[in-house]
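Participant: The structure is given below, and queries will be raised subsequently.
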Amino acid sequence: MTPMRSLLAAALLAAFNAQAADLLDVYRDALANDAQIASAQATLEAGREKLPQGRAGLLPTVTASANTTWNTNDITLRNSTPTFARDYNSNGYSVNLTQPLFRWQNWVQYDQAKFLVAQAEAQFAGARQDLALRVAQVYFDVLFAQDALAVARAQKAAISEQLEQARRAFEVGTATVVDTHEAQSRFDLAVAQELAAQNDLEVKRQALVQVVGKDPGALNPLRGEVQIQRPQPDDMQQWVQSSEQGNINVQVQQANVEVSAREVSRQRGGHFPTLDIVATHARNSMGNSTVTGVGSDVKTNTIGLQLAVPLFQGGATVSREREAAALKNKALADLENARRTAALSARQAYLGVTSGLAQVKALEAALASSQTALDSNKLGYEVGVRINIDVLNAQQQLFATRRDLAKARYDTLLAQLRLKSASGSLDDKDPERVNTLLQR
């Protein structure tokens with residue numbers, strides 16, 4: 001390659017890298033465009049309205065009403081011929097204020113609303129964690145699909161070269177036609193694998209577009225010699241304990257238990273009396289009536305206390321109380337299940353990280369060994385102590401190891417994020433940390 005072409009290639013590569021999106025770019029786009037996070041945001045806004053709705057039961061209510069009526073009276077006096085007709089209008093308005101003094105159910109409902117808001121906020125936090133995991137998953141899926149396609153193409157090129165060598169060796173009589181047929185067979189298989197890899201890459205990119213809301217274009221890959229750190233703290237039991245308290249689903253169920261417990265108290269309040277301040281201001285006007293012959297204008301102002309004592313409601317209050325108690329028991333069982341599920345998720349993610357790190361280390365060693373084995377088989381083939389199938393097998397082993405190493409790295413990084421999610425500590429800083437492992 002001439003110096004001018006080298007400079008041009010370097011410039012094109014730099015421009016490509018400058019335009020490539022990284023994990024943080026994709027995550028920010030997903031926050032703005034993902035339909036699921038938009039739905040979760042709307043759900044959160046709706047959930048926050050529970051608090052002013054609960055507070056409203058403690059505040060006064062004011063209602064106003066007005067009326068106007070046209071009256072026509074025909075009056076005939078007995079034993080007399082004259083008939084009197086009188087048309088007049090009556091109208092009025094009233095303003096009523098009710099201020100609860102003691103309504104146990106309303107106080108409990110206001111207390112409930114606080115936990116309903118906390119539950120909505122926890123659910124939204126869970127949606128953000130889920131989005132971070134989904135973005136990382138589809139991002140690494142695309143990278144792995146790209147790696148798999150690159151491996152398939154490199155393998156096809158290597159097999160093509162080996163096929164040409166086998167053909168030349170057969171033409172000069174130093175190899176049999178079997179070597180050519182074996183190489184051709186592997187080449188055809190490599191072509192099929194390349195087509196499958198291309199299709200898989202397109203599928204993975206479409207999954208990325210669905211989450212992000214647009215095609216981010218080229219993606220920054222992992223650095224070649226990336227070092228993945230062990231989880232901190234490096235103790236599975238500590239992660240399990242954290243997940244049993246901090247896991248988002250556990251927090252949601254804890255809030256649900258509090259709501260259910262207060263629902264029992266709220267339904268029990270159906271047996272309690274209520275006491276309100278009731279005030280009224282009213283005015284009623286009447287035109288010249290047939291009774292008085294003159295109009296009237298009456299103003300009324302009242303204020304007082306109103307006590308209501310429930311006596312019997314057909315057993316509905318007792319039934320609702322039993323229903324609430326049963327739902328509280330369900331909420332407690334759901335909380336216990338959420339804790340166990342969180343603990344299991346933490347264990348699985350922790351083991352996924354530790355086993356993934358061990359697998360990465362083993363595959364890195366296997367990659368070096370596979371390269372050495374391939375070089376040895378190529379040399380042996382040239383000197384006649386190895387046959388073509390040995391070289392092809394060594395090539396296949398090398399490329400398979402490259403592909404497995406890439407997948408092990410992606411899976412380990414995802415397991416780290418899942419471990420943070422299981423403990424409820426996954427936040428926006430974690431995609432930033434993973435982003436530092438990508439090429440710039």
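Participant: Which order do peptides 347-354, 139-146 fall in by mean Cβ count within 10 Å, highest first?
Facilitator: 139-146, 347-354
Participant: Could you give me the radius of gyration and the Dmax of the chain, taking only the C-alpha atoms into account and expressing both in angstrom?
Facilitator: Rg and Dmax of the chain, Cα atoms, are 39.0, 146 Å.
Participant: Work through the residues other than Gln439 whose Cβ is under 15 Å from its Cβ and net out their charges, Lys, Arg +1 and Asp, Glu -1.
Facilitator: Here the count lands on -1.
Participant: Also: Which whole-number percent is the relative contact order of segment 350-440 (Cα, under 8 Å, 6+ apart)?
Facilitator: Details: 54 pairs, mean separation 35.2, N = 91.
Once divided by the residue count of segment 350-440, the mean separation gives 39 percent.
Participant: Using only DSSP helix segments of four residues or longer, with each worth -39500 (n - 2.57), what per-residue ellipticity at 222 nm results for the chain after dividing by its residue count and rounding to 500?
Facilitator: Calculated mean residue ellipticity at 222 nm is -24000 deg cm²/dmol.
Participant: Based on the alpha-carbon gyration tensor of segment 198-338 and its eigenvalue square roots a ≥ b ≥ c, which shape applies: rounded if a/c is under 1.5, prolate if not and a/b is larger than b/c, or oblate?
Facilitator: prolate
Participant: Can you tell me the relative contact order of the chain? Whole percent, Cα pairs under 8 Å, sequence separation 6 or more.
Facilitator: Taking the mean separation of contacting Cα pairs over the length of the chain, I get 24 percent.
Participant: Count the lysine pairs in the chain whose Cα atoms sit under 21 Å apart, keeping only pairs 8 or more residues apart in sequence or on different chains.
Facilitator: 11
Participant: Full extension from Gln237 to Ala325: what is 0.36 nm times the residue separation minus their Cα-Cα distance, to one decimal in nm?
Facilitator: 28.3 nm
Participant: Place the peptides 281-287, 110-116 in order of packing, highest mean first, counting for every residue the other Cβ atoms within 10 Å and averaging per peptide.
Facilitator: Numbers: 281-287: 15.6, 110-116: 19.6.
So the order, starting with the most tightly packed, is 110-116, 281-287.
Values in this text are rule-based calculations from the coordinates and carry no lab data. All figures in this text were calculated on a predicted structure; none of them were measured in a lab. Every residue, glycine among them, receives a Cβ derived from its backbone with ideal geometry; neighbour counts consider all protein chains shown.
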